[in-house]
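J.: My questions all concern the structure below.
The values are calculated or read from the model by the stated rules, or taken from the named source; none is laboratory data. Keep in mind that what you see is a predicted model, and the values were worked out from it rather than measured. In this analysis, Cβ positions are derived from the backbone assuming ideal geometry, glycine residues included, and neighbour counts consider all displayed protein chains. Note: accessible area is taken over every heavy atom of the protein model, side chains too, but ligands, DNA and RNA are not part of it. Shrake-Rupley method; radii C 1.70, N 1.55, O 1.52, S 1.80 Å.
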Amino acid sequence: MADASLNAAAAPFGSIDALVQGLADCGYLADRRLATAVYLALRLQRPLLLEGEPGVGKTELAKALAAALRRELLRLQCYDGLEQREALYEWNYAAQLLHMRAAKARGSVEDIEAEVHQPRYLIRRPLLQALQAPPPGAVLLIDEVDRADEPFEAFLLEYLGEYQVSIPELGTVRAAVPPVTILTSNRTRELHDAVKRRCLYHWLDYPARERELAIVRARVPDAGAALSAQVADFVQRLRGQPFANAFQRAPGIAESVEWARALVALDTVSLDPEVVVDTAGILFKQRDDVAALNAQLATELLAPADGA
Ligand SMILES: Nc1ncnc2c1ncn2[C@@H]1O[C@H](COP(=O)(O)OP(=O)(O)OP(=O)(O)O)[C@@H](O)[C@H]1O
Ligand SMILES: [Mg+2]
């Protein structure tokens, strides 16, 4: 019933479970809702917009997905002032100039435009590379799109909606194989509705305790079961109410993993308030947050769940 191209795009993963497994094999532990969003993005060939706090695994998902699909990962890091020529293409002016000089010297300049706008003078940037990637196609990560400005968002619309771009000198470039496209945003600003409408959307939340523990275990096997569980519990409590409001920025999964690594490096067997305070700079990157994680708070958070 479904058309062949839809099946082909999702071919390696016939089900959401298979996708979860495929990502896990590449070191990424996704929960069911995220896996469903990714699965649908593959099946429907739609870009996926991932929003979430820093360090919750947005960028890593694109990397793991590319590995799981065995596709090349192309990455466009966005920033304020990002221009089309860095995202799509630019002409190699120096080479064009040399070409023209040589052609003039030979006295054989006929059609200047055609001479200098040959594909070999085109410098392909990630978007164009993604559109022209040979089968099985590429994964394009448009990372931190909220950092780019609105004109850039507007420029993305044609790509996101139709997997094509218009290059004045060459015409329209259309993808032979639609690139699997992941956009990420930290929500430093709201994206335009037109961008959102062209994408499937998933808010990537902090992980549940069990998933966070599994990630720490997988990423830092040296940490051992007991210490990893303490790390997961502690970070979960840090993020919980009412403490979450007291911090400017709660730790993400990245910080949990890094913290476990640091504790192993310090030969820590079990968490105590002292080591928590001494290593607070790994969980928090704001001076006030580091200061807020004092011995008293650490003691409270390390206490058994019933507060006894
Ligand atoms: N689901 C996951 N499975 C395994 N590891 C994960 C997962 N989520 C996050 N991580 C770990 O957390 C680290 C940081 O994740 P990542 O860089 O993708 O975060 P991010 O959401 O892109 O953050 P930022 O918004 O700051 O760019 C990864 O390198 C990885 O070690
Ligand atoms: Mg990221």
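J.: Keeping every protein chain in place, order 42, 29 by accessible area at 1.4 Å, biggest value first, i.e. largest first.
T.: Numbers: 42 5, 29 50 Å².
My answer, sorted largest first, is 29, 42.
J.: Now, a different point. Taking the chain as a Gaussian network, Cα atoms linked when under 10 Å apart, which of 285, 196, 104 shows the biggest mean-square fluctuation?
T.: 104
J.: Across the Cα atoms of the chain, what radius of gyration and what greatest pairwise Cα-Cα distance (Dmax) are found, in Å?
T.: In Å, with Rg to one decimal and Dmax whole: 24.1, 92.
J.: Taking square-rooted eigenvalues a ≥ b ≥ c of the alpha carbon gyration tensor, is the stretch 136-267 rounded, prolate or oblate, where a/c under 1.5 means rounded and, failing that, a/b exceeding b/c means prolate?
T.: prolate
J.: On to the next question. Can you compute the equivalent ellipsoid semi-axes for the stretch 80-180, i.e. the square root of 5 times each eigenvalue of the Cα gyration tensor, sorted largest first and rounded to whole Å? Walk me through the numbers before you get to the answer.
T.: Details: eigenvalues 180, 50, 25 Å².
In descending order, the three semi-axes are 30, 16, 11 Å.
J.: Ranked from the most accessible area to the least, with a 1.4 Å probe and all protein chains present, what is the order of 284, 155? Can you show the working numbers first?
T.: Working: 284 5, 155 35 Å².
These residues rank, largest area first, as 155, 284.
J.: Hey, another quick one. For the stretch 56-136, taking Cα atoms only, what is the radius of gyration to one decimal and the Dmax to the nearest whole Å?
T.: 18.1, 61
J.: If you rank 159, 93 by how much accessible surface each has, with a 1.4 Å probe, what is the order from largest down?
T.: On the way: 159 0, 93 160 Å².
Sorted by accessible area, descending: 93, 159.
J.: Starting from the Cα gyration tensor of the stretch 206-308, take the square roots of the eigenvalues, sort them a ≥ b ≥ c, and report rounded, prolate or oblate (rounded when a/c is under 1.5, otherwise prolate if a/b is larger than b/c, else oblate). All intermediate terms of the calculation are to be shown ahead of the outcome.
T.: Values: a/c = 1.33, a/b = 1.31, b/c = 1.01.
Rounded is the answer for the stretch 206-308, as its axis ratio a/c remains below 1.5.
J.: Under a 10 Å cutoff between Cα atoms, tell me which one of 23, 157, 266 has the largest fluctuation in the Gaussian network model of the chain.
T.: In this elastic network of the chain, the residue with the biggest mean-square fluctuation among 23, 157, 266 is 266.
J.: For the chain, give the magnitude of the charge dipole about the Cα centre (Cβ charges: +1 Lys/Arg, -1 Asp/Glu; no others), in debye to the nearest 20.
T.: 820
J.: Apply the a/c threshold of 1.5 to the C-alpha gyration tensor of the stretch 9-79 and tell me whether it is rounded, prolate or oblate.
T.: Values: a/c = 1.45, a/b = 1.34, b/c = 1.09.
Rounded, because the longest to shortest axis ratio a/c is under 1.5.
J.: Over the chain, calculate the relative contact order: mean separation of alpha carbon pairs under 8 Å at least 6 apart, over the residue count, as a percent. List each step's numbers first, then the result.
T.: Numbers: 449 pairs, mean separation 61.3, N = 308.
It comes to 20 percent, rounded to a whole number.
J.: Hey, what's the chain come to in accessible area per residue, 1.4 Å probe, Å²? Display every interim value, and only then the final one.
T.: Values: 15370 Å² over 308 residues.
Heavy-atom accessible area per residue stands at 50 Å².
J.: Could you tell me what percent of the accessible area of the chain is made up of carbon and sulfur, with a 1.4 Å probe and every protein chain present? Don't skip to the end; give the middle numbers.
T.: Values: 8080 of 15370 Å².
Ligands and nucleic acids excluded, carbon and sulfur give 53 percent.
J.: Also, I was wondering about something else. Which value, in Å² and to the nearest 10, is the accessible area of residue 90 when all protein chains are kept and the probe is 1.4 Å?
T.: Here the residue's solvent-accessible area equals roughly 40 Å².
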